[in-house]
1. Below 8 Å between Cα atoms, with a sequence gap of 6+, how large is the relative contact order for segment 139-193 in percent?
2. Among the lysines, which have Cα under 23 Å from the Cα of LYS100 when same-chain residues fewer than 8 positions away are ignored?
3. Which whole-number value in Å² is the accessible area per residue of segment 123-264, probe 1.4 Å?
4. In what sequence, largest accessible area first, do MET48, MET108, MET218 appear using a 1.4 Å probe?
5. Need one number: the % of Cα-Cα pairs in the chain sitting beyond the 33 Å mark.
6. Using a Förster radius of 22 Å, what is the FRET efficiency between ARG43 and ARG63 based on their Cβ-Cβ separation? Nearest 0.05, please.
7. If each residue of separation counts as 0.36 nm, what is the full-extension length gain between ASN154 and THR15 once their alpha-carbon separation is subtracted?
8. Quick check: at a probe of 1.4 Å, how many percent of the accessible area of segment 15-150 sits on carbon and sulfur atoms?
Amino acid sequence: MSTRLAGVAVHLPETRLSTEEVERRLGPFTPPPGLIGRLTGIRSRHVMRDDEQASDLAVAAARKLLADTGTQPADIDLLLFASASQDMVEPATAHIVAAKLELHCPVMDVKNACNSVLNAIEVADALIATGRYRTVLVTSGESPSRAVRWNVANPAQFRRAFPGYTLSDAGAALLLTAGDAGVLGSAFTADSTWWDVGTLPGGGSRHPRDPEFTYFDMDGPRLKDAFLHLGRDVLDDALRGLDLTWDDFAVACVHQVSLPYLEIFAEGAGVPRDKLVVTLPEHGNVASASLPLQLVTAQRMGRCGPGDLVALVGLAGGVSLGLVVVRL
């Protein structure tokens, strides 16, 4: 049984926050004007309404997808909520999404930082291949704006909180069905010894209630070192196993955290720049919704369509690296 990518949709909150507004909002320590923009290449990001939750962003994208594909709620055999964000610790946010969509199917959360959606594709593909399910709805709702530190005491705290100023809210949904081969292959690797380079520590058993741990905390230089240490072997091996090169793809969607690092990664992995779909400047780092956003953007621009090969390359804190190859 093969897995077909039957559709993809995204939802971007209307409210936008410019990088200049981010810098003006910080205090009492304020960075030099223009610093965040120069280091990241980001001009603006999306911010959801105060009365919205991560599940609402996922639901908005899913409703758009179901309408676009003519899919009825009763057609969905399994719903996956795949996101770095969540509405609450319990229950699984997938239940909340399913309730809002009025679905009556099994659900589960798939969580692996910014690779959550990519891992959910892997899970859905495996379950469809076994014949366990025929139609799987993958949803994502990223709400990192709720965990950004605005009250910054000093330069050291600013550096640890810096990745939060790249992040953006978004929803995404993908429909995977049994059918002609769409997902041709996937490969993943991880080096979990680096798990502590980027964290959002609050809410779990380690820090259940302290508000101080409800903000992003990340060592940017160590995170870069972690991915350099991880290497590109998993990508090279996967492409070789499929008898493909980067030139065979219409586009290569690569998770984007900053423009400088995107260039470093693409050069190191051998991805031609003209294959990239750069969404970061206008939309920010939308975490696990990044790859669906890039795919939708590429389709809208006419850069890929039915029959084309697309590479989805994910990088995530923890750290992990993955590739899914899809024929549209």
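1. Working: 33 pairs, mean separation 24.6, N = 55.
Across segment 139-193, relative contact order equals 45 percent.
2. The reachable lysines, counting only those whose Cα sits under 23 Å from LYS100, are LYS64, LYS111.
3. Values: 6610 Å² over 142 residues.
It amounts to 47 Å² per residue over segment 123-264.
4. Values: MET48 10, MET108 75, MET218 45 Å².
Descending order: MET108, MET218, MET48.
5. Values: 11572 of 53628 pairs.
Summing the P(r) tail past 33 Å for the chain gives 22 percent.
6. On the way: r = 29 Å, r/R0 = 1.30.
The pair ARG43/ARG63 has a calculated efficiency of 0.15.
7. Working: separation 139, 0.36 × 139 = 50.04 nm, distance 2.86 nm.
Working it through step by step, the gained length comes to 47.2 nm.
8. On the way: 3200 of 6110 Å².
Here it works out to 52 percent.
The values are calculated or read from the model by the stated rules, or taken from the named source; none is laboratory data. Predicted, not measured: the structure shown is a model, and the values here were computed from it. We place every Cβ from the backbone using ideal geometry, glycine too, and count neighbours over all the protein chains shown. Please note that ligands, DNA and RNA were not included when accessible areas were found on the heavy atoms of the full protein model with its side chains. Shrake-Rupley method; radii C 1.70, N 1.55, O 1.52, S 1.80 Å.
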